[in-house]
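**Student:** Handing you a structure now.
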Amino acid sequence: MLKLQKLEIIKQESVAPGHQRLTLAKGINALAGQFVHVRVSETYDPFLRRPISVHDCTEGRLVLLYRTVGRGTELLAAKKAGETLDLLGPLGNSFPLTDRPQAVVVAGGIGAAPLYYLLRSLKLAGKQVSFFYGARNEAELILRDEYRALVANYSEATDDGSAGTRALVTHLAAPVIAGLDATVYACGPSPMLKEVARLADCYGRSCFVSLEAQLACGVGACLGCVVPVKGREKYRRVCVDGPVFAAGEVFFC
Amino acid sequence: MTVKIAGVSLANPVMSASGCFGYGEEYASFFDLRRLGAVVVKGTTAEPCAGNPPPRMAETTGGMLNAIGLQNPGAVAAREKIIALQHYSVPVIVNVSGHSAAQYRAVIELLDDLAAVAAYEINISCPNVKAGGMAFGTDPAVVVGLVRELRGATKKPLIIKLSPNVTDVTVIARAAVEGGADALSLINTLLGMAIDMERRRPVLANLTGGLSGPAIKPVALRMVWQVSSAVDVPVIGMGGISGARDAVEFLMAGASAVAIGAANFTNPLVCPETVEGISAYLAENGFASVKEIVGLAKKEWLKMGDESGCGKK
Ligand SMILES: Cc1cc2nc3c(=O)[nH]c(=O)nc-3n(C[C@H](O)[C@H](O)[C@H](O)COP(=O)(O)OP(=O)(O)OC[C@H]3O[C@@H](n4cnc5c(N)ncnc54)[C@H](O)[C@@H]3O)c2cc1C
């Protein structure tokens, strides 16, 4: 059942320059991979809602982690604890669990946001998790201590070597994907997803990626957010058929 | 609150606009669809249509551009979705699209036996398909011919949806009525485009798209005024309506009913809220029916010149 919710903001924290973590009052029970569609203004300016992934969820309490990249996310960041947030959700599908006891999770930049809840869910399900966290530099490894605390096998890669290995995160993950009979999960920039999908395909691992697109309605009605997929259907909607897709199903741009 | 459009009785004058409401199922979980005057479903073609490649949409100041390209499951699959809508006992208006007169006709022939279909809205104004669509809606001779042909294919009411992308919308409006239109709906989206400065290229894969949202409301109001003054059939007004105030303005401009499109994306409850808002407006201002405010601004406009030296002249 889709719902329009008005939930109180419990906490709005700046966790790094340009990055906010927002905690909401109880009201939405979501699965890892799902998102909420947030109305950032009471007027029609900006016109559309903004989709933000579920960063974490415990007993109906949602946490969002987002980067301020434009007017919408800046308006969201300006909201204070005690104010209410108008949101639709939970929307979209979720990361599926498989019968594999091992999981490899690859994050690129703010793509890490939905993977925190995934890591927690995988651990709860008793999986052995390896997590690879990549970003441009140390400052953009947002909440790295919290991610590190969550998983035993934690690795970092940065473009400039300011933290972890100076490499693309996919280079770090490649030997593990090759050597471990694990399910692979990823969220991040398109080229990263494409490479993770290639590696997973190469070694026969099942792989799930979370995709982004410009969304309008968020509920499957407008058909504005499609991605090209293999097969007869040709296009599928990020908002309801995704945001999580089997990597082999989609074309990466 | 009841209105009658082309022989179809509506519980209130508020409809969902085609393309912004799917086949109703997505919004049925937000509110009871019975609260709508009618549901206008997605543009339906005879054959399934995959639509345009992404990116298909771009947000703009006060609205959005879309270039969906008529993605829909085709009339045969749409049948099931329309039958499912029957459960809500709300009039269903099917938006019919195609690339040729024969294709429009085929959609009607595939759906005409369904009691759930109250009327057809003939989309001669989609800006996002290569052939047909808007091309049909910009040539009066073609419009007369198409409407006449479809008139022969069904006894159900035909609502012709007009394009704003013409020099004089009343020419096309008169052509549609001449062909046998029972009502007109307007406006479809305005042709526009967006450029991404950082990436130095157009945003939409289709290059151009249809502009909708509050930004287009003044254009839509003007055209509703012009068309409702030019023809005798009822006009369904749409284009940037995002609440009761906008809806009342369209009714006053001469629309007999209104449709709400892109605002559903921002506020999924905008349709029922608009119904309530119109009802409250009528009650607060002593109007007994919606009909009393249809075209009201025109009557006032005529008076404006007479009474004083200010105003119209
Ligand atoms: C399903 C889904 C889940 C998402 N989850 C999260 C999340 O958990 N945390 C988060 O921070 N963001 C997330 N996003 C992205 C987020 O929705 C956008 O960053 C946001 O809509 C931008 O709005 P804005 O008004 O601030 O920026 P806009 O004014 O719309 O854009 C400003 C600038 O940023 C660029 N931009 C817009 N979106 C993105 C993007 N996604 N990535 C990079 N650049 C972008 C634009 O091209 C533009 O140049 C998600 C998107 C989707 C589709």
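The values are calculated or read from the model by the stated rules, or taken from the named source; none is laboratory data. Everything numeric here is computed off the predicted structure, so don't read it as measured data. All Cβ positions, even for glycine, are placed from backbone atoms using ideal geometry, and neighbour counts span all protein chains on display. Ligands, DNA and RNA are stripped out before the accessible areas are found, and what is left, the full protein with its side chains, is counted by its heavy atoms. Shrake-Rupley method; radii C 1.70, N 1.55, O 1.52, S 1.80 Å.
**Student:** Restricting attention to region B:244-296, report how many residues are within 14 Å of chain A (Cβ to nearest Cβ), acidic (D, E) and under 17 Å from the mean Cα position of the chain (by Cα).
**Tutor:** Summing the residues that are within 14 Å of chain A (Cβ to nearest Cβ), acidic (D, E) and under 17 Å from the mean Cα position of the chain (by Cα) in region B:244-296 gives 1.
Residue by residue, here is whether (1) open to solvent by 50 Å² or more (accessible area, probe 1.4 Å); (2) within 16 Å of the ligand (Cβ to nearest atom); (3) not polar (S, T, N, Q) holds:
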site	(1), (2), (3)
A:L172	no, no, yes
A:I177	no, no, yes
A:V196	no, no, yes
A:D201	yes, no, yes
A:C207	no, no, yes
A:L215	no, yes, yes
A:G231	yes, no, yes
A:F245	no, yes, yes
A:V250	no, yes, yes
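**Student:** Something else about it: Kindly provide the set of residues from region A:42-86 that are among the polar types (S, T, N, Q) and either at pLDDT below 95 or assigned to a strand (DSSP E or B) (or both), ordered by number. Working first, answer last.
**Tutor:** The first filter runs over region A:42-86 and keeps only residues among the polar types (S, T, N, Q), leaving A:43, A:53, A:58, A:68, A:73, A:84.
Result: A:T43, A:S53, A:T58, A:T84.
**Student:** Follow-up question, since we're still on this one. For residues that are within 10 Å of the ligand (Cβ to nearest atom) and surrounded by fewer than 21 Cβ atoms within 10 Å (Cβ to Cβ), scanning just region A:73-83, find the one that is farthest from the other protein chains (Cβ to nearest Cβ).
**Tutor:** Looking at residues that are within 10 Å of the ligand (Cβ to nearest atom) and surrounded by fewer than 21 Cβ atoms within 10 Å (Cβ to Cβ), I get A:A77.
**Student:** Need the failing condition index for B:F21 against (1) hydrophobic (A, V, I, L, M, F, W, C); (2) out of contact with any Lys or Arg (no Cβ under 9 Å at 6 or more places or on another chain); (3) within 14 Å of another protein chain (Cβ to nearest Cβ), just the number.
**Tutor:** Of the numbered conditions (1) hydrophobic (A, V, I, L, M, F, W, C); (2) out of contact with any Lys or Arg (no Cβ under 9 Å at 6 or more places or on another chain); (3) within 14 Å of another protein chain (Cβ to nearest Cβ), the odd one out for B:F21 is (2).
**Student:** Something else about it: Which members of region B:214-255 meet the condition of being assigned to a loop (DSSP other than H, G, I, E, B) and closer than 21 Å to B:T61 by Cβ? Walk me through how you get there before you give the answer.
**Tutor:** Initially, region B:214-255 is screened for residues assigned to a loop (DSSP other than H, G, I, E, B), giving B:231-234, B:239-243, B:254-255.
Once the filter is applied, which keeps residues that are assigned to a loop (DSSP other than H, G, I, E, B) and closer than 21 Å to B:T61 by Cβ, region B:214-255 yields B:G239, B:G240, B:I241, B:S242, B:G243.
**Student:** Looking at B:P218, B:P202, which is the one that is more than 16 Å from the ligand (Cβ to nearest atom) and out of contact with any helix residue (DSSP H, G or I) (no Cβ under 6 Å at 6 or more places or on another chain)?
**Tutor:** On the way: B:P202 fails: more than 16 Å from the ligand (Cβ to nearest atom).
The unique qualifying residue is B:P218.
**Student:** Another question, then. State the number of residues belonging to region B:236-274 that are open to solvent by 20 Å² or more (accessible area, probe 1.4 Å) and either of a type in the set (A, V, I, L, M) or without any contact (Cβ under 8 Å) to a residue 12 or more places away in the chain (or both).
**Tutor:** Number of matching residues: 3.
**Student:** Moving on. Within region A:100-153, how many residues turn out to be small (G, A, S) and farther than 19 Å from A:V15 by Cβ?
**Tutor:** Going residue by residue through region A:100-153, those that are small (G, A, S) are A:103, A:107-109, A:111-113, A:121, A:125-126, A:130, A:134-135, A:139, A:149, A:152.
Next cut, farther than 19 Å from A:V15 by Cβ only: A:103, A:121, A:125-126, A:130, A:152.
Total satisfying the criteria: 6.
**Student:** In addition: Restricting to region A:34-69, and then to whatever is surrounded by fewer than 17 Cβ atoms within 10 Å (Cβ to Cβ) and β-branched (V, I, T), can you tell me which residue is farthest from the ligand (Cβ to nearest atom)?
**Tutor:** My answer is A:T58.
**Student:** Are any residues in region B:134-159 hydrophobic (A, V, I, L, M, F, W, C), touching a strand residue (DSSP E or B) at 6+ places or on another chain (Cβ under 8 Å) and without any contact (Cβ under 8 Å) to a residue 60 or more places away in the chain, and if so, which ones?
**Tutor:** B:M134, B:V143, B:L146, B:V147, B:L150 - these are the residues of region B:134-159 that are hydrophobic (A, V, I, L, M, F, W, C), touching a strand residue (DSSP E or B) at 6+ places or on another chain (Cβ under 8 Å) and without any contact (Cβ under 8 Å) to a residue 60 or more places away in the chain.
**Student:** Give the number of residues within region A:205-253 that are more than 9 Å from every other protein chain (Cβ to nearest Cβ), within 19 Å of the chain's Cα centre (by Cα) and not in a loop (DSSP other than H, G, I, E, B).
**Tutor:** Residues meeting the conditions: 13.
**Student:** Would you point out which residue out of B:C49, B:C20 is closer than 16 Å to A:A221 by Cβ and of a type outside the set (A, V, I, L, M)?
**Tutor:** B:C20
**Student:** Kindly indicate the residue of region B:61-75 that is of a type in the set (S, T, N, Q) and at the interface with chain A (Cβ under 8 Å from one of its Cβ atoms) and also nearest to the chain's Cα centre (by Cα) among those meeting that condition.
**Tutor:** Out of the qualifying residues, it is B:N66.
**Student:** Right, here's the next one. In region B:91-107, which residue that is surrounded by fewer than 23 Cβ atoms within 10 Å (Cβ to Cβ) and not hydroxyl-bearing (S, T, Y) is farthest from B:R151 (Cα to Cα)?
**Tutor:** Across region B:91-107, the extreme among qualifying residues is B:P91.
**Student:** Further question on the same structure: Give, as residue ranges, the helices (runs of 4 or more DSSP H) completely inside region A:92-188 that count at least 3 residues that are in contact (Cβ under 8 Å) with a residue 60 or more places away in the chain.
**Tutor:** Details: elements: A:115-124, A:144-150, A:169-179.
Counting at least 3 such residues, we get A:115-124, A:169-179.
**Student:** Next question. Here are the criteria: (1) within 11 Å of the ligand (Cβ to nearest atom); (2) of a type outside the set (S, T, N, Q); (3) not assigned by TED's automatic domain parsing to the domain that holds A:C207. Tell me which single one A:A112 does not satisfy.
**Tutor:** So the condition that A:A112 fails would be (3).
**Student:** In this structure, does A:D86 turn out to be more than 24 Å from A:V151 (Cβ to Cβ), open to solvent by 30 Å² or more (accessible area, probe 1.4 Å) and more than 9 Å from the ligand (Cβ to nearest atom)?
**Tutor:** Judged against the criteria, A:D86 is not a match.
**Student:** Return a yes/no flag: does region B:206-213 have any residue that is within 16 Å of the ligand (Cβ to nearest atom) and either at pLDDT below 95 or closer than 23 Å to B:V40 by Cα (or both).
**Tutor:** Yes, there is a match, as at least one residue in region B:206-213 is within 16 Å of the ligand (Cβ to nearest atom) and either at pLDDT below 95 or closer than 23 Å to B:V40 by Cα (or both).
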